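Okay, structure first, notes after.
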Amino acid sequence: VITLTHQEFIRRLSLHILPKGFVRIRHYGILASSLKRKVRELVEQQIGKATIPERPPLKHRVCYTCGKGQLVTLIIFDARGPPPLELLPHLTLI
């Protein structure tokens, strides 16, 4: 435990901020692709194997009102957003 002044804390924190245009290396050390297979067994022996709890199934296709009906995808928009309504004559607006 260490006590720092406000200025010293900000100075140490700012050392971790990269200048504009620099890219952070996310996987370095034991997580590097070249070392992952070699070190994985050793790490699992030392800290134990990670267990991921099982998740309940997704309900994104179940009706959010009644909880029983199935939702059907009518159209998928691209990155630009929905097309003009003139190009979608088969859809009716409510």
- Message: If I model a spin label at T3 and Q70 as a point 7 Å from the Cα along the Cα→Cβ vector, what separation in nanometres do I get?
- Response: 6.7
- Query: Which lysines does K38 reach when only Cα atoms under 28 Å apart count, and residues fewer than 8 places away in its own chain are ignored?
  - Reply: K49
- Task: Report the calculated FRET efficiency for R12 and I47 (r = Cβ-Cβ distance, R0 = 30 Å), to the nearest 0.05.
- Result: 0.65
- Task: Determine ³J(HN,Hα), in whole Hz, for all residues of region 72-83 in sequence, where each value follows from phi through the Karplus function 6.51 cos²θ - 1.76 cosθ + 1.60 and θ = phi - 60°; x replaces Gly and Pro.
- Result: 10, 7, 8, 7, 10, 7, 8, 5, 7, x, x, x
- Query: Hey, which lysines would be in cross-link range of K59, C-alpha to C-alpha under 26 Å, not counting anything within fewer than 8 residues on its own chain?
  - Reply: K68
- Sequence-distant or interchain residues sharing an amide H contact under 5 Å with V62, placed H: which? L71
- Would you kindly derive the ³J(HN,Hα) couplings of region 2-19 from the backbone phi angles with the Karplus curve 6.51 cos²θ - 1.76 cosθ + 1.60 (θ = phi - 60°), listing them in order in whole Hz, with x for Gly and Pro? 9, 9, 10, 6, 4, 5, 5, 4, 5, 4, 5, 5, 5, 5, 8, 8, 7, x
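So between R80 and S33, what do we pick up on full extension, going 0.36 nm a residue minus the alpha carbon distance? Could you put the intermediate results ahead of the total?
Working: separation 47, 0.36 × 47 = 16.92 nm, distance 3.54 nm.
Difference between extended and current length: 13.4 nm.
The numbers here are math on the coordinates, done by the rules we state, and not lab data. Because the structure is a prediction, the values reported are computed rather than measured. When we count neighbours, we look across all protein chains shown, and the Cβ atoms used for this are built from the backbone with ideal geometry, even at glycine.
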